[in-house]
Structure formats: C-alpha cells, structure tokens
Amino acid sequence: MIVLGIETSCDETSVAILKDDDIMVNLISSQLLHQEYGGVVPEFASREHMRLLPCLTQKALDQISISLNNIDAIAVTKGPGLMGALLVGLSFGKGLSYALNIPFLAVNHIEGHIMANFLSRDSGLNFPFLCLIVSGGHTQIVNVKDFGDYDILGRSVDDAAGEAFDKAARILNLGYPGGPAIDEFSKNGDPTFHYFPRAKVKRSRADFSFSGLKTSMLYLVKQKGQEWVQGNLPDLCASYQEAIVDMLRTNTFLMAKEKNISTLVIAGGVAANSRLRRVFSKEAKNLGIRIFFPSPEYCTDNAAMIARTGLEMIKHKISSSLNVSAVPNLPLN
Ligand code: KG4
Ligand code: ZN
C-alpha cells in the first residue's frame, strides 16, 4: 500500500510517501518568511502552502520515480491547526483523491505526532503506553490504550511547552521558532544560574501551567536590562529550559507511577529538545520504564507521520469523518 501524506497545519509544508511502513520520501519546506514577524502570520502561511504544495508533491514523486497513478491512498492533516493553512492541504488532497479515485483520510495532527514514534521500523514500540505530547500548541499527558483509544490525563491550562520556549525566545530576541535556539544556547549554560518558578495546578497533578514562566522571564529582563541579558544568555536559556523540562518531568513520571506504566512515549516538536531527551531517558532508566522518542527530524511537523497515521487508519478500518461521499471509502470489510 502506497500512501501520500500531506501536512499544512502551520508553517511547514510537507509531503511524504510511505510504502507500507517504509518512508520512501519525506520533504519538508519550513516557511522562513515568518521569521521577520517573530511568529507565524496565518494568511502568509496559507499562501505559501498554495505555492509550495504542488511543487513539493511533484518533487517527492520524481525523487522515488513513481507517478500519481501508483498512489493507493491520500492522508491529509485535518487539524488542529491554522484554518486557512489546513484548508489548502485538505482541498489539494481531496482534489487529488477525487481525480485518482482513491481513498482520502483526514488525519488528526496530534495523533500524527504520537504515530511518529512508529516511523522507525525497528523501534519495538507497541500499544499500550503513556504519551507526553509537547508541541507548539499542545501539552498533554495521554493514556494511549490502543490506536484511536485515548484518555487525556492532563493538559496545559494556558500556554503549551513549545509556546513557552517561543515566547521566551521572543523576549530574548532569539527569533522564531525559539525552542531550537534556546536548546542550542543552553548547551553552554548553567541550569542553576537562575531559579524560574515551577507552577503547580491545583485542579490536577497531571495539568501544567507555563504562562507564569514567560512572565517571570519578562520581569527579569526588564529588571536586569539587555546588557546583563546578553552577557548571560547561555545561563539564562539553560535555567529557563530546565524549568520547562522539570515541570514536564515531574507530572509525566508522577502519572507513569500512578498508572503503573511500563512504556513512555514522547511526541511533538519539543521532543527534539536535547535536555528533555537526556533528563527523561535518565529518569525512565532509573524507574525501569521503556522510553521512546521520534528521531529529531520526525519530532517537528512532517507529512511522514500523517501518512503513517493514515496507514494505521486503513489497518484499523477507521474511515474519516471528513470523507466526502464522492470519494469512495476503502473496502472496509
Ligand atoms: O510539533 P511542532 O512542530 O508544531 C506544532 O504542532 O505546534 O512543534 C513546534 C514547537 C515550537 O514551539 C518549537 O519552538 C518547538 O516545537 N521546538 C523545540 C525544539 N525544536 C522545536 N523546543 C525545544 N527544543 C527544541 N530543540
Ligand atoms: Zn505539530
């Protein structure tokens, strides 16, 4: 089964082709034009997706020397994400599936991030597991019982972890997206340089709150001034990053112990963070928990994870609510 995956939920235009579990090609074009605005401009994102999507699709096909006629199904991100950006990918994918008379699968983006952990063939990962999802828009601890069977145990009550990285980077003039820059500066910094407060949410020990953290950074920068900030940038980044990783670690392992979990999976852009990977791996080892991360290139938005989820939907005979009647479903019985 050859599945074409399309991802356009935010500022990455991505096209991938999977043959069963093998990634034949995964192309990602990150829209750099947003950098000068310090964040994603939704209208520009949609326009860039429109410009890039047909070229990337052709490039992906050319790269593995196949034609559209070899594609068996099309999987496209249906959300969550920027509405205009999503519509570009969905319309393009639906148009293709209609013209080719092949199934169309509308994929949940967060589910895609979870499934990125299955992209490596020899990972040995199986359901069930506990999953920490840490992206630019979401922070959730999810009990993944099986494919499509999820219990959300905790979530951020305000900013997502990735947003906390991005907002601090903006305060520190490190550009967008901020996570990779803070990760990089932190490598030469002292995480104990400044103690940023670790917020606890009264309602639930599995919930997170990150908005106070960026406010704390804002006040510190205002109080100490830019010169001090520039002189202590690596230490400041390392201390801030440590607070985020510490909060994520505390709640996740608390839930892992409470639910007696033997397998932990990390998903989303922030899963690429080097400090998070080290801290989580160490703690999991101490507790005898198996831990999985996607390889760094598949942590952030990519179409391979969307195609992989589409493939799983087909295997599990799950058709999508966004299927249009004119597009035939797979023979599901
Ligand atoms: O999953 P993703 O690509 O997009 C969403 O679905 O939101 O996540 C993007 C987020 C951004 O906030 C970005 O700053 C963060 O992931 N990120 C990182 C790193 N790489 C990306 N955060 C911390 N360290 C990184 N190395
Ligand atoms: Zn994402």
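The values are calculated or read from the model by the stated rules, or taken from the named source; none is laboratory data. Keep in mind that what you see is a predicted model, and the values were worked out from it rather than measured. Counting neighbours? That spans all protein chains shown, and the Cβs are built from the backbone with ideal geometry, glycine included. Surface areas here come from the heavy atoms of the whole protein model, side chains and all, with no ligands, DNA or RNA. Shrake-Rupley method; radii C 1.70, N 1.55, O 1.52, S 1.80 Å.
Listing for the model above:
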| quantity | calculated |
| --- | --- |
| Relative packing of peptides 232-243, 112-123 - highest average C-beta neighbours within 10 Å first | 232-243, 112-123 |
| Segment LYS222-SER30, length gained on full extension (0.36 nm per residue, minus Cα span) | 65.9 nm |
| Residue-span extension gain [MET1 to ASN69] - 0.36 nm each, minus C-alpha spacing | 23.2 nm |
| Nonlocal amide H pairs with MET24, under 5 Å, H built at 1.01 Å | ILE17, LEU18, LYS19 |
| Electrostatic dipole magnitude of the chain [Cβ: Lys, Arg +1; Asp, Glu -1; Cα centre; debye, to 20] | 820 debye |
| Sum of side-chain charges, ARG170 neighbourhood, beta-carbon under 12 Å (Lys, Arg +1; Asp, Glu -1) | 0 |
| GNM top mover of SER262, SER97, SER46 - the chain, alpha-carbon springs below 10 Å | SER262 |
| Considering only the chain, percent of DSSP beta bridges that pair antiparallel, nearest 5 | 60 percent |
| Portion, in percent, of the accessible area of the range 126-293 that falls on carbon or sulfur, probe 1.4 Å | 48 percent |
| Gap separating the Cα centres of the range 219-281 and the range 56-72, nearest whole Å | 40 Å |
| Positive-end residue, the chain charge dipole about Cα centroid, Cβ charges, pick of TYR195, PHE104, LEU68 | TYR195 |
| Cα centre as origin, Lys/Arg/Asp/Glu Cβ charges: the range 126-293 dipole, Debye | 380 debye |
| Proximal charge balance of ILE261 [Cβ under 13 Å; K/R count +1, D/E count -1] | +1 |
| Positive-pole candidate from LEU236, GLY136, SER204, dipole of the range 126-293, charges at beta carbon | SER204 |
| Fluctuation leader among GLU227, GLU12, GLU184 - the chain, Gaussian network, Cα springs under 10 angstrom | GLU227 |
| The range 140-185, dipole about Cα centre (Lys/Arg Cβ +1, Asp/Glu Cβ -1), debye to the nearest 20 | 120 debye |
| Solvent-accessible area per residue, Å², over the chain with all protein chains present [probe radius 1.4 Å] | 44 Å² |
| Above-threshold pairs, the threshold being 30 Å between Cα atoms, out of LYS224/LYS282; LYS78/LYS145; LYS78/LYS257; LYS145/LYS282; LYS282/LYS317; LYS19/LYS282 | LYS224/LYS282; LYS78/LYS257; LYS282/LYS317; LYS19/LYS282 |
